[in-house]
Every structure is written in structure tokens, then in C-alpha cells.
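Read the structure below first, then the notes.
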Amino acid sequence: MRLLLAGLLITMIHGLHAQDPTEIIKKADEKMQGKSNQGTMTMQIVRPKWTREITMKTWSLGTEFSLVLITAPARDKGTGTLKRERELWSWQPSIDRVIKMPPSMMMQSWMGSDFTNDDLVNQSSVVVDYTHELSGDTIIAGYDTWKITLYPKEEAAVVWGKLESYISKEDYYQLLTKFYDEDGYLVNTMTMSDIREVGGRVIPTRLEMVPAENPDQKTVIIYGDFEFDIDLEEKFFSVQNLKTIR
């Protein structure tokens, strides 16, 4: 009888602590994105023999709308990228032209960095476009974390064959993400660190992307000023605004 009661107690304790992996992903994603946001970022493209820095302004509304505007260096200033639902547009002021980007360009490098177009504007949603599987737990940077494997849904237009996301159990910090191609080979590893308060939220503010085939290079994104859950409307994310916003 005592053994039976002990077994039931252990089962109840495990049940209380069981977590749905989709809910974990939702909470972690919402923590980083909010319902809407706007802010500034600095991107450092690091190569063995040179380093390049890009500063930008960003706006987003949910997972369907986002806009990125480059503010420096001078030669790229004014260049913008717009996402409206499943459409992606690029504004090139040097040639005075808006280009609608086909889905085949989602895996292309953004501005010569180690981030793809898909990474930067969240063309695919980690919540909607993937199924989620709790694959274990581990310690990342001193944090007790869940390991969650994300598999693309059959109907989803995504670029990755699989993702592995490591999220802290206590505060839902996204600490590490591994990106795999359709054949199961590791392509990129993104580490998120420098956890601090930004716009009233405590989140990782340094993203470092390292390609598996070129571990001696990386791209770092550092958050500047940010605001979350601001008043933004869908009409803000227009092709016309992409061309004129400063």
C-alpha cells in the first residue's frame, strides 16, 4: 500500500510539473516579441580579416508584419525590408526600386550576414508553422533549460528542416537555437545572452549566429532601445511606407 501511494504521489508531482512544449514556445516567443514592438539594433558581421557594422530600426506587429530600416553605414542607409503576412519586399534606394522577394530567397543571406531573410523578419512562425516536442533538459549558461525540437508542418512554407530550441525553465529565456536543413545537417547555431531590462522586459539582448561550416565567422545582433506592446496598425506596414520611412 505504501509503495502504491508513493507511486501515485510521484506521478502527481510529475503531472504538476509537466509542461506543454507548444505553450513553452509561445511564452518564450511572446517574451521576446510582445504583441508589437519597435526599437534599434546593431549588427556586427565578423569575418577572419574584417568586420562590418550595420545599425537599423525595426518595427513589428504580431508575427505577420515587420519592417527593418538600415540607418548606417551611409552607403546602405535607407535600405529596407518589409514583411506583410507571406509577402516580403525589399526597398533599394540606390536604384530607386522596390523588389518583391520570392520564397526561394528566404534562405539568402541578409546584407551579407549569417542571418537569412527568414531569420530577420520571422517569415515563418515558430509557434504556428512547427510542431513541438519536449526532448529533454540540460544546463545552458547556468540556466536549467528545456530542449524542444521543432518540426515543420507539412503545409508550412518554412526553410528549415528542424529546429532545436533551449528555453530556461524559470523565466522562458531563449538561450540557444540550432537550425538544421532538410537532410538533418546542422547549418547555424544561435546563442542568446546578455540578459537585461529593455523596454520594461528582462530578455536576452545579444544574439550570436555562427554557421556550422564556417565556425571562424559570426554575426552578432545587439539590442538598443526598445518598446513593446505599442500602438501600431497594419497600414503602417505598407510598401509606400517602406520607401519613405526614416
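For this structure, a couple of remarks:
- Scan of the range 202-226 for residues that are under 15 Å from Gly34 (Cβ atoms) and surrounded by fewer than 16 Cβ atoms within 10 Å (Cβ to Cβ), ordered by number: Val202, Asp225
- Filtering Ser113, Ser36, Ser60 for residues that are touching a helix residue (DSSP H, G or I) at 6+ places or on another chain (Cβ under 8 Å) and either under 30 Å from Thr131 (Cα atoms) or at pLDDT 95 or above (or both) leaves a single hit, Ser60.
- Candidates Ser104, Ser60, Ser66, Ser113 - the one that is outside any strand (DSSP E or B), among the small types (Gly, Ala, Ser), at negative phi and touching a strand residue (DSSP E or B) at 6+ places or on another chain (Cβ under 7 Å): Ser113
- Taking the numbered list (1) at pLDDT below 95; (2) assigned to a strand (DSSP E or B) in turn, Ile13 passes all entries but (2).
- Subset tally (residues that are charged (D, E, K, R) and either in contact with a Phe, Trp or Tyr (Cβ under 7 Å, 6 or more places away or on another chain) or surrounded by 10 or more Cβ atoms within 10 Å (Cβ to Cβ) (or both)) for the range 227-246: 4
- Cβ pairs under 8 Å, 6+ apart, first in the range 176-189 and touching a residue at least 40 places away in the same chain (Cβ under 8 Å), second small (Gly, Ala, Ser): Asn188/Ala212
- Taken across the range 119-141, residues that are in a strand (DSSP E or B), touching a Lys or Arg at 6+ places or on another chain (Cβ under 8 Å) and under 25 Å from Lys235 (Cα atoms) do not occur at all.
- Selection within the range 141-161 - surrounded by fewer than 18 Cβ atoms within 10 Å (Cβ to Cβ) and closer than 22 Å to Ser193 by Cβ: Ala141, Gly142, Tyr143, Asp144
- Asp194 out of contact with any helix residue (DSSP H, G or I) (no Cβ under 8 Å at 6 or more places or on another chain), touching a residue at least 12 places away in the same chain (Cβ under 8 Å), loosely packed, with under 14 Cβ neighbours inside 10 Å and among the charged types (D, E, K, R): yes
- Restricting Arg47, Arg97 to residues that are exposed (fewer than 15 other Cβ atoms within 10 Å of the Cβ), of a type in the set (D, E, K, R) and without any contact (Cβ under 8 Å) to a residue 12 or more places away in the chain narrows the list to Arg97.
- Per-region count, the range 144-176, residues of a type in the set (Val, Ile, Thr) and under 17 Å from Val128 (Cα atoms): 4
- If you go through the range 154-212 and keep only what is of a type in the set (Val, Ile, Thr), under 30 Å from Ile230 (Cβ atoms) and in a strand (DSSP E or B), you end up with Ile167, Thr177, Thr191, Ile195, Val198, Val202, Ile203, Thr205.
The values are calculated or read from the model by the stated rules, or taken from the named source; none is laboratory data. Fair warning: this is a prediction, and the values are worked out from it, not measured in the lab. Reconstructed Cβ throughout: ideal geometry from the backbone, glycine too, with neighbour counts over all protein chains shown.
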